[in-house]
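First the structure, in the form of C-alpha cells, and then the observations on it.
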Amino acid sequence: MVKKVKITEVKKNPANPRLIKDYKYKKLVKSLKDFPQMLELRPIVVDERMVILGGNMRHRASIDAGLSEIWIKVAENLTEEQKKEFIIKD
C-alpha cells in the first residue's frame, strides 16, 4: 500500500550502500522541488518499523527540498535476509 506520511516518521537506514554527491544530488533536490508528485509515482520503500529499504537519497533530498510529507510503500512480511537483499539490489 502506498501512503503519504510525515517525513519525520521515516527513519534513515545506516546500512544504505548508496550515496549521491555534488551535482547529481543537487539535481535530485531540484527535481523534487519542481516535481514532488514524482515521489507518489516512485515511493520510498520502508519496512514495518519505517526504516528505509529503498530511497535513502530521495528521503534526504526531500528533506533538503523542504518537503514535510513523502509517499512511502511499506514492504511487509520480509525476512531480515530479504530486507538486506532488497537494500543491495534496489
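The values are calculated or read from the model by the stated rules, or taken from the named source; none is laboratory data. Everything quoted here is computed from the prediction, not taken from an experiment. So basically every Cβ, Gly included, is an ideal-geometry build from the backbone, and we count neighbours across all protein chains shown. Areas reflect the complete protein model, heavy atoms only, side chains present, ligands, DNA and RNA absent. Shrake-Rupley method; radii C 1.70, N 1.55, O 1.52, S 1.80 Å.
Taking only protein heavy atoms and a 1.4 Å probe, the accessible area of segment 1-61 is 57% carbon and sulfur. Sequence-distant contacts, meaning Cα pairs under 8 Å at least 6 residues apart, place the relative contact order of the chain at 42 percent. In this structure, the pairs whose alpha-carbon distance is over 27 Å, taken from 30/84; 24/84; 4/24, are 30/84. Could you work out the local net charge near residue 82, counting Lys and Arg as +1, Asp and Glu as -1, over the other residues with Cβ closer than 13 Å to its Cβ? That sum, taken over residues with Cβ under 13 Å, equals -4. Computed with a 1.4 Å probe over protein heavy atoms only, the accessible surface of the chain comes to 68 Å² per residue. When the Cα positions of 1, 62, 51 are compared along the charge dipole of the chain, 62 comes out farthest toward the positive end, with charges on each C-beta of Lys, Arg, Asp and Glu.
Of all DSSP beta bridges confined to the chain, the antiparallel ones make up roughly 65%.
Which pairs break 23 Å Cα to Cα here: 11/83; 21/83; 3/27; 27/83?
21/83; 3/27; 27/83
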